[in-house]
1. For L67, state whether it is under 13 Å from L47 (Cβ atoms) and of a type outside the set (D, E, K, R).
2. Does V202 qualify as being open to solvent by less than 100 Å² (accessible area, probe 1.4 Å) and modelled with pLDDT under 90?
3. Every residue in segment 190-199 that is surrounded by fewer than 14 Cβ atoms within 10 Å (Cβ to Cβ) and among the acidic types (D, E), please.
4. Is at least one residue of segment 321-331 surrounded by 12 or more Cβ atoms within 10 Å (Cβ to Cβ), out of contact with any strand residue (DSSP E or B) (no Cβ under 8 Å at 6 or more places or on another chain) and outside any strand (DSSP E or B)?
5. Any idea which of E236, E265 is of a type in the set (D, E), modelled with pLDDT under 80 and surrounded by fewer than 15 Cβ atoms within 10 Å (Cβ to Cβ)?
6. Any residue in segment 289-311 that's in contact (Cβ under 8 Å) with a residue 12 or more places away in the chain: show its pairings with residues that are in a helix (DSSP H, G or I) and of a type in the set (D, E) at Cβ separation under 8 Å, as long as the two are six or more apart or on different chains.
7. Please state which of the following conditions E178 fails to meet, knowing it meets all the rest: (1) surrounded by 16 or more Cβ atoms within 10 Å (Cβ to Cβ); (2) touching a residue at least 24 places away in the same chain (Cβ under 8 Å); (3) farther than 30 Å from L260 by Cβ.
8. Residues of segment 242-256 being over 13 Å from F211 (Cβ atoms) and among the aliphatic types (A, V, I, L, M), which ones?
Amino acid sequence: MIPPRTTSRTWVLLLLLTVAVSACGGPRTKQQRQNDGEQRTDEATLLLNEAEQHVRNLDAARAAPLLAKAEELLAHPDVNLSPEAEMLHSQLAELKARLPHLGEEKIRREKAAAAERERKELEALVEKQRDVVVEAMFAVTEAVDALAGKDMGVEQVAAAQEAIQRTRERLKTGKELEARSADYAASARNTERRLEQAEEKVGRARRVIDFVSGPLGESREAPALEKKARREKDLEARLSLYTEVRDRYRRCGTEAEKLLMDRPELARGTLPMRGRPMALKAVATGCKKKAGLIQRAVLKLEKAKVKRDKARAKLEKLKAAREKARARKRR
């Protein structure tokens, strides 16, 4: 049997069908594969960049599906024809490696953030406390400087003591901060040392005041007592007055010398007190000299008292003998 003849129309249809089959299922060219690979790498790049942002934010839930989709795209062999393939595979591997550790990293980051907040809060507290102490210490410095003035007196010493006490109270309010801040603890110790030095200066000023209001004040009253002693007719009362005058001058000289040992600088200057300025060394010398002069009068009066007492004793003895003789005559 002879097969039917194929018409030209049939050949055209067969040719078109062959071309269509070839286009749909036949082998692709290298250029087509490169184009497909680049399309996949472009899409994978967008997914990886978005996933990387979520990884930075430690959001594993949002990063994981993006990485899975990118991995699927990059698994296609056409991707290897793209020059970006190696870089994208490396980025994908790095992000996948970080994914299981995002929880730990999030905890570390939260702890670090909490520690930073605590540090800043502590820094603010320390700064505030330091300002309070510095202000109080400034008042101490001013008060202590006033003790070197010529008008130094009880009021200035009291003001310095109050300023020191206020500063110590301010330091107590920040005691808890010393355990939390080494820098503030060192600052507090330095302030304590300065307060101790200030207290020493106040103590020396206090001794000056005690001297002026005590032994020196008593020596200033001594001339009036001496004048009274000269007018006194009774020997014992006169001796008592002169002894008191001598003792006042002696205490003045002794305490002045002690004060000079404690405050040698007073030997070169005058007592920082109201009224007529006096050199402490001159005061010590003057008091001791006057005590020596008055001692002579005391010795004379003591000898006179001894002589008088002996005379009285002799007279009493004589009287007793006479009474005894009279008694014998009456018997």
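1. For L67, the condition - under 13 Å from L47 (Cβ atoms) and of a type outside the set (D, E, K, R) - is met.
2. No.
3. Of everything in segment 190-199, those that are surrounded by fewer than 14 Cβ atoms within 10 Å (Cβ to Cβ) and among the acidic types (D, E) turn out to be E192, E196.
4. No; the residues of segment 321-331 include none that is surrounded by 12 or more Cβ atoms within 10 Å (Cβ to Cβ), out of contact with any strand residue (DSSP E or B) (no Cβ under 8 Å at 6 or more places or on another chain) and outside any strand (DSSP E or B).
5. Only one candidate passes the filter, namely E265.
6. Pairs found: I294/E226; K305/E236.
7. Exception for E178: condition (2).
8. V245, the sole residue that qualifies.
The values are calculated or read from the model by the stated rules, or taken from the named source; none is laboratory data. For clarity, every value in this text was computed on a predicted model and none was experimentally measured. Cβ sites come from the backbone with ideal geometry, for glycine too, and all protein chains shown count toward neighbours. These area figures cover heavy atoms from the full protein model, side chains too; ligands, DNA and RNA do not enter into them. Shrake-Rupley method; radii C 1.70, N 1.55, O 1.52, S 1.80 Å.
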